[in-house]
1. Using the structure shown, select from Lys36/Lys72; Lys112/Lys137; Lys20/Lys112 the pairs with a Cα to Cα distance greater than 20 angstrom.
2. For the pair Thr26 and Ser132, how long in nm is the line joining their label points, each one 7 Å along Cα→Cβ?
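All of the numbers you see were taken from the coordinates with simple rules; none came from a lab. Everything numeric in this text was worked out from a predicted model, so none of it was measured. Reconstructed Cβ throughout: ideal geometry from the backbone, glycine too, with neighbour counts over all protein chains shown.
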Amino acid sequence: MPSRPHGRLSYYVNSASNSKVDPYGTGEREEVRDVKITIWNEGEDSIDGDDILKPIIIRMPTSTIEYVKILKAPREFCELELGVTNAFVNHLADGNLVIFNLGGFCNSFEVKWRTLEKNDGMLLDIFYLGDSNAPVKLDGTLEGPSRPHQVGSDPKHSFSGPESIP
């Protein structure tokens, strides 16, 4: 019996830059670094949530993640979710994720979706404390081509879905 075609989860990590943000809406801005990660399905078939055999986790092993902003999301029916297990999290009305470390160390978060069709993708901005050359890894296992594929140059990818999230 021939196997069904699968999607291919790819990602690209931009260079880090310095930023000042007010993630908690208090009027106090803190200096952090930020790095953008583009994640998309460049395969011929969709990647359904059921195709995720081991959770898709974005890791920054040498840094503390403070805030994640969704700059571009897949279409609404994809049901993008971000979450962490080892820190207090606040999902804002705009879909962004604020991670309150409370003196702890949070260096990863999970990305989930209901389905990512061909060319569906997302652009996330990760604000963190750490070195400008801090590694960013996307781990997880999918059915079919089992691991996410890192692309070495900016794909300048055009996704299906909204241009940006306010």
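1. Check vs 20 Å cut-off fails for Lys20/Lys112.
2. Placing both labels 7 Å along Cα→Cβ, they lie 2.7 nm apart.
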